[in-house]
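The values are calculated or read from the model by the stated rules, or taken from the named source; none is laboratory data. If you're wondering where the values come from, they're calculated on a predicted model, not measured in any experiment. A quick note on method: Cβ atoms are made from the backbone with ideal geometry, for glycine too, and the neighbour counts reach across all protein chains shown.
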Amino acid sequence: MEQVKTEEGLREALRAVIDPEIGMNVVELGLIRDVEIGPDRGHVVMIMTTPFCPYAPALLEQSRRTSQEYLELPTTIEMGLEMWDPTMMEDGAADDWGLF
């Protein structure tokens, strides 16, 4: 029986993508802003913690590849224009940083 692919499952898979500068995963950081799972493709909207993130190309590609492997569908990734701020982080994730 084919396993149904869910947004929750995709977000879990994306926890493997770590921002090397910060040492936290893209889900904890709140960088995954939108996920669309269609019958024949996936699409992820992701932002960076800073517009000048030197790791942006690598993080975007790793997130796209990880999403595609989980979904088993061609997947596109879009860099969103939303500005990141620490309130986007998962509850408790900012505690490690001492931000709040």
### Message
The conditions are (1) on the phi < 0 side of the Ramachandran plot; (2) at pLDDT 95 or above; (3) more than 12 Å from the chain's Cα centre (by Cα), and Pro51 fails exactly one of them. Which is it?
### Response
(2)
### Query
Can you spot a residue in the range 60-73 that is small (Gly, Ala, Ser) and out of contact with any Ser or Thr (no Cβ under 6 Å at 6 or more places or on another chain)?
yes
### Task
With the checklist (1) in contact with a Phe, Trp or Tyr (Cβ under 7 Å, 6 or more places away or on another chain); (2) at pLDDT below 95; (3) not aliphatic (A, V, I, L, M) in hand, flag the one item Gly9 doesn't pass.
(2)
### Task
Go through (1) at pLDDT below 95; (2) in contact with a Leu (Cβ under 7 Å, 6 or more places away or on another chain) and name the single condition Thr66 misses.
(1)
### Query
Within the set of pairs 6+ apart or on separate chains, which have a first residue in the range 29-43 that is in contact (Cβ under 8 Å) with a residue 24 or more places away in the chain, a second that is part of a strand (DSSP E or B), and C-beta atoms under 6 Å apart?
Leu31/Met46; Ile32/Met46; Arg33/Val45; Asp34/Val45; Val35/Val44; Gly42/Thr75; His43/Glu36; His43/Thr76
### Query
Out of the range 46-73, which residues are more than 18 Å from Ile18 (Cβ to Cβ) and either touching a Cys at 6+ places or on another chain (Cβ under 6 Å) or exposed (fewer than 11 other Cβ atoms within 10 Å of the Cβ) (or both)?
Phe52
### Summary
Taking the range 22-33 and the residues there that are surrounded by 13 or more Cβ atoms within 10 Å (Cβ to Cβ) and not aliphatic (A, V, I, L, M), the one that is farthest from Asp95 (Cα to Cα) would be Arg33
### Task
Six or more apart or on different chains, Cβ under 7 Å: which pairs go from a residue in the range 4-21 that's surrounded by fewer than 13 Cβ atoms within 10 Å (Cβ to Cβ) to one that's of a type in the set (Phe, Trp, Tyr) and not in a helix (DSSP H, G or I)? Could you list them?
Pro20/Tyr55; Glu21/Tyr55
